[in-house]
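Participant: Supplied in structure tokens, the structure appears directly below.
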Amino acid sequence: MDTKAYWIAFNRVPGIGPVRLAALIEACGDIGAAWRASISQMQAARLDRRTIELFLEARRTIDLAVELQRTVDAGVEVLTWEDATYPESLRTVDGAPPVLYVRGRIVSQDEWAIAVVGTRHASSYGREVARVLGAALAQAGVTVVSGLALGIDTVAHHAALDAGGRTLAVLGSGVDQIYPPQNRGLAQAIAAQGALVSEYALGTRPDASNFPPRNRIISGLSRGVIIVEAGERSGALITARFAAEQGRELFAVPGSILSPGSAGCNTLIQQGAAPLLTIDDVLEQLNMSSIVDHQDVRQSVPADPAEAALLTHLSHEPSHVDDLVRMTAMTPSQVSSLLALMELTGLVRQVGVMTYMRA
């Protein structure tokens, strides 16, 4: 059985969240053993009686293979704590979701992400600020993270897409249950040029109780959070609180003291959030002014140890394969195979018969 099936199944068990699942895995050894846990192991993981009953019921009724196939049929990628592709920025926060359902793709570029959130009842001022910020961030190579809600979120997503950038939408429902329905077209565009992300199982309908917890994922995926416009009771302030708890930089756009829609932002600034006056305030504070340079450095250091070793013997002067074989003590076939892969990823280029140099 694919281990992803166990993760998906646990995500459907009421009462077993990140803390209890981590305790079960620790008590049992791995995710598969946790699914088959004995009563004594459940008790060792401090599951209460009601949760144990719900867990036992889930084991009787959940078909692991069916649940796994459901995600495949939906074209949804499942990322778990075990996956190297699980976003590192999110992995380190308290309450990181054990499972992420992704429609679209999360890529390495998304490590440079900023959340842009705000009220659903945006003013013309708030909409214009969100449009300018979303576009400017995308043009700077920053991924824009938001929540697909009406108002500020919608404007920020559209602006990033229109600028040719990437954007991630974190949902308070399953990625197959788009809310609000007015944003179904936007959600489709985001999946094609970024990703829809949720911790909620496929089929989960939007519910008011789902939205506050999802805000920790919005901030967790981001290096900083911008609150564009928010009243005193805006849900965006929940994201601001998570950002502070997670050690993320928090920015607030100042507004008129006469506008109720700016009261939340102005209060955040009064409490210590950085006032955002230009996009440079964010990029400079987070050392993101030269993201292209950061990405070039990352791409120039291969993840594969063999590629990295071979690259140390290559320069901007041509090197023959025979010389590389001698210097690396690798076989000719190994060197040729690695060079072919590195040429595809842009690390090296062939400049003659069996002759290569750094790109």
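Only the coordinates and a few stated rules stand behind these numbers; no lab work does. Source: prediction; values computed, not measured. Backbone-built Cβ (ideal geometry, glycine too); neighbour counts: all protein chains shown.
Participant: Hey, can you rank 234-241, 17-24 by average C-beta count inside 10 Å, highest first? Before the final figure, lay out each step's value.
Facilitator: Numbers: 234-241: 23.9, 17-24: 17.5.
Descending packing order for the listed peptides: 234-241, 17-24.
Participant: If you take the alpha carbon radius of gyration of the chain and divide it by 2.2 N^0.38 Å, what ratio comes out, to two decimals? Can you show the working numbers first?
Facilitator: Details: Rg = 23.6 Å, N = 359, 2.2 N^0.38 = 20.6 Å.
Taking N as the residue count of the chain, the ratio is 1.15.
Participant: How far is it, in nm, from the label point at residue 43 to the one at residue 184 when both lie 7 Å from their Cα along the line to the Cβ?
Facilitator: 5.1
Participant: Distance between the C-alpha centers of region 172-233 and region 118-168? Whole Å please.
Facilitator: 13
Participant: Please list 3J(HN,Hα) in residue order for region 341-356, calculated via the Karplus relation 6.51 cos²θ - 1.76 cosθ + 1.60 where θ = phi - 60°; whole Hz, with x for glycine and proline.
Facilitator: 5, 5, 5, 5, 8, x, 7, 9, 9, 8, 10, x, 5, 6, 10, 9
Participant: Continuing with the same structure: Can you report the principal axis dimensions of region 300-358 using only the alpha carbons, biggest first, rounded to whole angstrom?
Facilitator: Dimensions of region 300-358 along the principal axes of its Cα atoms: 24, 22, 17 Å.
Participant: Residue 120 to residue 177: extension gain in nm, 0.36 nm per residue of separation minus the Cα-Cα distance? The partial results should precede the final answer.
Facilitator: Values: separation 57, 0.36 × 57 = 20.52 nm, distance 1.92 nm.
So the chain would gain 18.6 nm between residue 120 and residue 177.
Participant: So what are the ³J(HN,Hα) numbers for region 174-183, from phi and the Karplus equation (6.51, -1.76, 1.60; θ = phi - 60°), rounded to whole Hz, Gly and Pro as x?
Facilitator: Using θ = phi - 60°, the values come out as x, 5, 9, 10, 6, 9, x, x, 4, 9 Hz.
Participant: Using a cut-off of 15 Å between beta-carbons, work out the net charge of the residues near residue 193 (Lys and Arg +1, Asp and Glu -1, residue 193 not included).
Facilitator: Summing Lys and Arg as +1 and Asp and Glu as -1 gives +1.
Participant: On a full-extension model of 0.36 nm per residue, what is the gain between residue 128 and residue 85, subtracting their alpha-carbon distance, rounded to one decimal in nm? Mind showing how you got there, number by number?
Facilitator: Details: separation 43, 0.36 × 43 = 15.48 nm, distance 3.46 nm.
Stretched fully, the residue 128-residue 85 segment lengthens by 12.0 nm.
Participant: OK, next. Per residue of region 309-314, in order, report the coupling 6.51 cos²θ - 1.76 cosθ + 1.60 (Karplus, θ = phi - 60°) as ³J(HN,Hα) in whole Hz, putting x for Gly and Pro.
Facilitator: 5, 5, 5, 5, 9, 10
Participant: Quote to one decimal, in nm, the extra length available between residue 326 and residue 72 on full extension: 0.36 nm per residue of separation minus the C-alpha distance between them.
Facilitator: Details: separation 254, 0.36 × 254 = 91.44 nm, distance 4.63 nm.
Working it through step by step, the gained length comes to 86.8 nm.
Participant: State the three equivalent ellipsoid semi-axes of region 66-190, derived from the C-alpha gyration tensor as the square roots of 5 times its eigenvalues, in descending order and whole Å. Numbers along the way, then the final one.
Facilitator: Values: eigenvalues 130, 58, 33 Å².
Three semi-axes, in Å: 26, 17, 13.
Participant: In region 1-73, if every C-alpha pair distance is counted and binned at 10 Å from zero, what percent goes to each bin?
Facilitator: 21, 57, 20, 2
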